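The values are calculated or read from the model by the stated rules, or taken from the named source; none is laboratory data. Because the structure is a prediction, the values reported are computed rather than measured. Here the Cβ positions follow ideal geometry from the backbone for every residue, glycine too, while neighbour counts run over all protein chains shown. Accessible surface areas use protein heavy atoms only, side chains included; no ligands, DNA or RNA. Shrake-Rupley method; radii C 1.70, N 1.55, O 1.52, S 1.80 Å.
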Amino acid sequence: MKKLLGLLSIVALFACSQPNQFNLTGTITGVEDDQLVIGTFSRATMTFTAIDTVPVTAGQFEYSLPSIETSSYSFQLIDAKLSFGCILENGELTIKADVADAQRGYIQAIELSGCANHDLSQEFSGMNETIMNQPEFADCKAVHTKMMEAYEAKQWEAYEELKEEYSHLSEDLKKETWKAQKAFLEQHIDQYFVTQVFPFIKREATLDEMLDLYNALPETSKQHPTIVDVKEDIDAKLAIQPGKPAPDFTLKTDKGEDFSLSSLKGQYVLIDFWASWCKPCRASFPHVKELYAKYHDKGFEVVGITNDTNNEMWLKAIEEDQTPWIHVADRFPSNPAPAEIISLYGMDFLPSTVLIDANGIIIAKLLHGDELDKKLEEIFGF
């Protein structure tokens, strides 16, 4: 027994003498003495949960733990009323931040060394710029540079014009960027940073690509809240395929009355997701009004679902655009989370459309312009 106790004492002593696996040294330029609260931030609920507080002295701080969970962390300076965030993991980490880089209370750019997941995240995010620097995208880069200069100068009219020009020029750039990003994700699929960038790839990835990447994730990553949200979106998209029943819903109209999609059984329905602040949405209305006038008497209806949180702006847009179809407002159960019905229908951007037949079955999605014309001509015969 004495030998066993002696052995346990040695093991305990050895464990206590092990150095910390997580050591963070920080420099915050522009701050003298302050208190830095380290915690986590939930995008879903927009809430900060504090874990610990460390002093900042002459712009310097240190924080060590025996071990830390690889995750995204948020830092809040109490007196300076500024915050910043990054991924942390075990190792010897060094972070640098400058209050001069703060915008709206958040320090945008930080330097973090010693964190492999942070480096992977930065490399992933920088791929668009890296590919844009290739000679074949010189025109695209020139317009992008002018666009950002207009933004910095707050020349909003010029910025919007350049943004539209860039959007047309950048189609091939986006394809090449996504090709590189997809290969990068596949290579590092077991790393934590993937959980942080996963929600932002939906615009470029096909549904099959999203599902393949999700299935390749380790089980621990699949439990992360951001991945759970993405899986719900994937499931919604799988349920909103042509040939599937359109989910019913009941929303308030612009007159304050209840409207249910199922009340339109027997008619062909175009669901149009839009918002008063969405210029492409409202630019499409004159064309949709022509189609409405052409086919409405033959059994065609349009249901506009606004993504506005400001009812006054929504009602003002309806009045200004004189759109004669049914208008309803989406619900935001936990603002700023996505609206309920646009999420139910698995839509990622505005404008988005869903065309439904007289039996409430989805015919097609994301039809605009000529594609919508051709489909309606096919349905109604003229």
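Taking the criterion of being surrounded by fewer than 16 Cβ atoms within 10 Å (Cβ to Cβ), farther than 30 Å from THR226 by Cα and polar (S, T, N, Q), the only residue of the range 306-341 that qualifies is GLN322.
Hey, can you tell me all the residues within the range 88-107 that are farther than 15 Å from TYR63 by Cα and not aromatic (Phe, Trp, Tyr)?
Within the range 88-107, ALA97, ASP98, VAL99, ALA100, ASP101, ALA102, GLN103, ARG104, GLY105, ILE107 qualify.
If you take the residues in the range 244-292 that are among the polar types (S, T, N, Q) and part of a loop (DSSP other than H, G, I, E, B), which one is surrounded by the most Cβ atoms within 10 Å (Cβ to Cβ)? The qualifying residue surrounded by the most Cβ atoms within 10 Å (Cβ to Cβ) is SER276. Here is a check on your reading of the model: is LEU270 in contact with a helix residue (DSSP H, G or I) (Cβ under 8 Å, 6 or more places away or on another chain) and within 29 Å of GLU164 (Cα to Cα)? Yes. Of the residues that make up the range 297-305, is at least one at pLDDT 95 or above, open to solvent by 70 Å² or more (accessible area, probe 1.4 Å) and not in a loop (DSSP other than H, G, I, E, B)? The answer is yes; a qualifying residue exists. Scanning the range 26-43 for residues that are more than 15 Å from SER71 (Cβ to Cβ) and surrounded by 11 or more Cβ atoms within 10 Å (Cβ to Cβ) gives GLY26, THR27, ILE28, THR29, GLY30, VAL31, GLU32, ASP34, GLN35, LEU36, VAL37.
Looking across the range 150-166, the residues that are surrounded by fewer than 13 Cβ atoms within 10 Å (Cβ to Cβ) and not charged (D, E, K, R) come down to ALA153, TRP156.
Considering the range 349-374, the residues that are open to solvent by 50 Å² or more (accessible area, probe 1.4 Å) and more than 22 Å from SER260 (Cα to Cα) include one that is nearest to the chain's Cα centre (by Cα), namely PHE349.
In the range 44-138, counting only strands (runs of 3 or more DSSP E) that sit wholly within it, the ones holding 3 or more residues that are touching a residue at least 60 places away in the same chain (Cβ under 8 Å) and over 30 Å from PHE332 (Cβ atoms) span 91-98. Among the numbered conditions (1) closer than 30 Å to ILE341 by Cβ; (2) open to solvent by less than 70 Å² (accessible area, probe 1.4 Å); (3) part of a helix (DSSP H, G or I); (4) touching a residue at least 24 places away in the same chain (Cβ under 8 Å), the only one that VAL143 does not meet is (1).
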